[in-house]
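Since the structure comes first, as structure tokens, the remarks are kept for the end.
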Amino acid sequence: MGKLTICDHPLIQHKLTFIRDKETKTKDFRELVDEIATMMAYEITRDLPLETVTVSTPVVDATSKVISGRMLGLIPILRAGLGMVEGMLKLIPSAKVGHIGLFRNPETLEPVEYYVNLPSDAPERLLIVIDPMLATGGSANAAIQALKTRGCTQIKLMCLIAAPEGVKAVQEAHPDVDIFLASLDSHLNDHGYIVPGLGDAGDRMFGTK
Ligand code: URA
């Protein structure tokens, strides 16, 4: 079973409250999502392996640590995932960015890929799938499957808010994938919205409705 981590740092929880608030306008919403993504990047990279190198300080030659060649890829699910990419790149600027676009087949309600563009060396990278809202888990599962089908094996999932239904669906379908959230909310309502949630993340991020 993949590990579930709730990033409960007070700054993340504080900013999350403001993005939940329906009065928060697009510009502030986008900035807050960006800031939360930066802080969550800190958590999600916590277990990156380190190696020891030598460094000459002005005082002495010393041994010190650097990240040990683990290359990262950020894979936002279009479109709301895009809003978390810049914030993560602030901490991990050398990560490459791939994109996955999905739409829901109106008859089967299953997610269908319409766009997949990955770094050519994606299978060698630790990939972080990014989607702010983990509702039913359908999109996240399809995106993870799209990566696995292309030979990728090291995958984490990062979301702002999840419903328990979505976490369960991902853990069942992809037990090798660790999940990072800022909040695990109560449930999904009859319209597929996370409760209490924050509404439609894409609309709130891009000012559409
Ligand atoms: N997608 C959203 O943007 N919000 C939800 O509450 C559920 C899915």
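The values are calculated or read from the model by the stated rules, or taken from the named source; none is laboratory data. Since we're looking at a predicted model, the values are computed, not measured. All Cβ positions, even for glycine, are placed from backbone atoms using ideal geometry, and neighbour counts span all protein chains on display. Protein only, heavy atoms only, side chains kept; ligands, DNA and RNA dropped before computing areas. Shrake-Rupley method; radii C 1.70, N 1.55, O 1.52, S 1.80 Å.
Observations on the structure shown:
- In summary, strands (runs of 3 or more DSSP E) completely within segment 122-195 and bearing 3 or more residues that are modelled with pLDDT of 95 or more and within 13 Å of G81 (Cβ to Cβ) occur at 126-130.
- Flag for G138 being more than 21 Å from I36 (Cβ to Cβ) and touching a strand residue (DSSP E or B) at 6+ places or on another chain (Cβ under 6 Å): yes
- Flag if A146 is within 16 Å of the chain's Cα centre (by Cα), open to solvent by 10 Å² or more (accessible area, probe 1.4 Å) and over 20 Å from A37 (Cα atoms): no
- Candidates in segment 77-94 are the residues that are in contact (Cβ under 8 Å) with a residue 24 or more places away in the chain and assigned to a loop (DSSP other than H, G, I, E, B); of these, the one that is least open to solvent (accessible area, probe 1.4 Å) is I92.
- Filtered by the rule that a residue be exposed (fewer than 13 other Cβ atoms within 10 Å of the Cβ) and either in contact with a helix residue (DSSP H, G or I) (Cβ under 7 Å, 6 or more places away or on another chain) or among the acidic types (D, E) (or both), segment 1-20 gives M1, D8, L11.
- Tally, over segment 194-208, of residues that are surrounded by fewer than 17 Cβ atoms within 10 Å (Cβ to Cβ), on the phi > 0 side of the Ramachandran plot and within 13 Å of the ligand (Cβ to nearest atom): 1
- Residue in segment 158-187 that is nearest to the ligand (Cβ to nearest atom), counting only those that are touching a residue at least 40 places away in the same chain (Cβ under 8 Å), more than 10 Å from G137 (Cβ to Cβ) and open to solvent by 30 Å² or more (accessible area, probe 1.4 Å): L184
- Residue among L50, L118, L74 that alone is touching a Ser or Thr at 6+ places or on another chain (Cβ under 7 Å) and either without any contact (Cβ under 8 Å) to a residue 40 or more places away in the chain or surrounded by 15 or more Cβ atoms within 10 Å (Cβ to Cβ) (or both): L50
- Within segment 111-145, the residues that satisfy the criterion of being of a type in the set (S, T, Y) and within 16 Å of the ligand (Cβ to nearest atom) are T136, S139.
- Only a single criterion out of (1) touching a residue at least 12 places away in the same chain (Cβ under 8 Å); (2) surrounded by fewer than 17 Cβ atoms within 10 Å (Cβ to Cβ) is not satisfied by H191, namely (1).
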